[in-house]
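**Q** Dropping the structure in here first, questions after.
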Amino acid sequence: MARIRSDGNQQNIDSVLWDSPFMRACRGESVPHTPVWLMRQAGRYMQEYRDVRANHTFLSLCKNKHDASKVTVDAQRIIGADAAIIFADILLILEGLGMELTFGKGEGPKLNPCLTDLASVQALNNPHDAAAACSYVNDAISTCRNELPADIPLIGFCGAPFTVASYACEGGGSRQYAKTKTMMYCHTDAWHALMDIIVTALQDYLIGQVKAGAQCLQIFDSWVGNISAEDYEAYLLPHMIKLVDALPKGIPIIVFGTHTRHLLHLFKQTNCDVIGIDATCDLVQTWDALGGPDEISVQGNLDQTLLLAPKEMLLDKAKQLLDSVESRPGHIFNLGHGIIKETNPQQVIDLIAFIHEYSKR
Ligand code: CP3
């Protein structure tokens, strides 16, 4: 049943990339060491990022292929990660759909005007045009693919329909998702129309990223843990299945969210290749409940705040996690969520070096 997407579909992926530890782990194959990358590995905790960012707004950095590529490539090299993730953002597609997107200083993202009903959804731009408006991400991916080491896969990404829609309905981040849930429950036609628009835009967007040079795709559903399993099945799962189904076979798809213990069995039904697990779950117990390495790969799940702990404690926790996995194939080491900006980069460097050394087969 599982692994229907990745089996025997090398397509035009170069063999060095296809056989890299990260790509092999996505497919559940044996690896010379546990591959590791960290969400938000290119970000404000890193001086090299802050230096480039000083010449830009956040959005102008995303739109500059040279500098977006530079921060991506520098981060992978400095920390020694087994994969790079393109520097971009899950909210860019909403700008493509015609919403005004701003990142105020210290405020988080803002979107205008919020979507509330069918009329506001129907006023969005054509979804195919939205993906085309984000083609600067593809330019950054092509530049990055040329500049990365030949054996380091590049991860493309998007936000999942729920998490993207939540920003569009709330106008920014949220705690209770009141406006999003009001649209879901009271304007259900508008909700599904919005899901159709977002999914169509994201299909084009992700296919474009693969054509431009991405070897893997991660779908960030960061805030979907606020949805019940019943609602996920009714309002989200069909749209996630449609999104994943449109993506090229042989390109591993990672689906990630936080506080999603009650949803992971439904994530599996999207037919993704890898499930991202946050730090609130026991990795191995969760993996076994999902069918284990024969059926799915997992990514995770060291608590990102442990990077603030003394080095001995950090490495001891990483060791415990690796010991619990017992070198099973199909584990990609990552954090439970993104690196926070207070992190000392040396801790990240030491963590990754330790994982490589300790997990050597
Ligand atoms: O992981 C990486 O290194 C790749 C780059 C990346 C960014 N955003 C850069 C970024 C990725 C994968 C994202 C995804 C993203 N964006 C998510 C899902 C991942 C997650 O963390 O759950 C979400 C929810 C967003 C939306 C978003 N973008 C928010 C809420 C913020 C503000 C965050 C904050 O702490 O201020 C952003 C801005 C953002 N995206 C930054 C970075 C490095 C900080 C911007 C800055 O330099 O000021």
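Quick note: the coordinates plus some simple rules give every number you see, no bench work behind them. Keep in mind that what you see is a predicted model, and the values were worked out from it rather than measured. Glycine gets a Cβ as well: all are built from the backbone with ideal geometry, and neighbour counts include every protein chain shown.
**Q** How long are the semi-axes of the equivalent ellipsoid of segment 3-358, taking √(5λ) for every eigenvalue λ of the Cα gyration tensor, in whole Å from largest down?
**A** Equivalent ellipsoid semi-axes, largest first: 30, 23, 20 Å.
**Q** Among DSSP beta bridges lying fully in the chain, give the percent that are antiparallel, nearest 5.
**A** If I count the DSSP bridges inside the chain, around 20 percent turn out antiparallel.
**Q** Give the relative contact order (percent, whole number) for the chain; include only Cα pairs under 8 Å separated by 6+ residues.
**A** Relative contact order for the chain comes out at 24 percent.
**Q** Which entries of Lys110/Lys179; Lys105/Lys341; Lys63/Lys249; Lys70/Lys249 show an alpha-carbon separation above 18 angstrom in the structure shown?
**A** Exceeds cut-off: Lys63/Lys249; Lys70/Lys249.
**Q** Something else now. Do you know the relative contact order of segment 1-131, to the nearest whole percent, from alpha carbon pairs under 8 angstrom that are 6+ apart?
**A** Normalised by residue count, the contact order of segment 1-131 is 16 percent.
**Q** To continue, here is another question. Which residues among segment 263-291 fall inside the zone where the amide N is under 14 Å from a point 7 Å beyond the Cα of Asn9, along Cα→Cβ?
**A** Hits in segment 263-291 for Asn9 at 14 Å: 270-274.
**Q** Let me ask something else about it. For segment 165-315, what does the relative contact order come out to in percent, with C-alpha contacts under 8 Å and a separation of six or more?
**A** 17 percent
**Q** Which value in nm describes the separation of the simple spin-label points at Asp323 and Ala353, placed 7 Å from the Cα toward the beta carbon?
**A** Taking the two extended label points, one gets 2.3 nm.
**Q** Say the dipole of the chain comes from +1 at the beta carbon of Lys and Arg and -1 at that of Asp and Glu; which of Ala123, Gly338, Ala178 then lies farthest toward its positive end?
**A** In the chain, that residue is Gly338.
**Q** Tell me the label-point distance for the pair Val284, Ala246, using the 7 Å Cα-to-Cβ offset, in nm and rounded to one decimal.
**A** Each label point lies 7 Å from its Cα, and together they span 4.0 nm.
**Q** Stokes-Einstein at 20 °C, 1.002 mPa s, Kirkwood radius from Cα pairs: D for segment 138-221 in µm² s⁻¹?
**A** Approximately 150 µm²/s, per Stokes-Einstein.
**Q** Could I ask something else about it? Per DSSP H run of at least 4 residues, take -39500 (n - 2.57); add these up for the chain, divide by its residues and hand me the 222 nm value, nearest 500 deg cm²/dmol.
**A** Calculated at 222 nm, the ellipticity per residue is -13000 deg cm²/dmol.
**Q** Given a Förster distance of 22 angstrom, what is the FRET efficiency for His192 paired with His265, based on the Cβ-Cβ distance and rounded to 0.05?
**A** For R0 = 22 Å, the calculated efficiency reads 0.45.
**Q** Here's a follow-up. If you put +1 on each Lys and Arg Cβ and -1 on each Asp and Glu Cβ, how big is the dipole of the chain around its Cα centre, in Debye rounded to 20?
**A** So the magnitude is around 460 debye.
**Q** Give the residue from Gln41, Cys114, Pro21 lying farthest towards the positive end of the charge dipole for segment 3-358; charges sit on Cβ (+1 for Lys and Arg, -1 for Asp and Glu) and the dipole is referred to the Cα centre.
**A** Of the candidates, Cys114 comes out farthest on the positive side.
**Q** So what is the orientation-averaged projected area of segment 189-280, using the convex hull of its C-alpha atoms, in nm²?
**A** Computing the convex hull of the Cα atoms and averaging its projections yields 5.8 nm².
**Q** Here's something else I'd like to know. I'd like the FRET efficiency for Ala123 and Glu48, computed as 1/(1 + (r/R0)^6) with the beta carbon distance as r and R0 of 35 Å, rounded to 0.05.
**A** Calculated transfer efficiency: 0.30.
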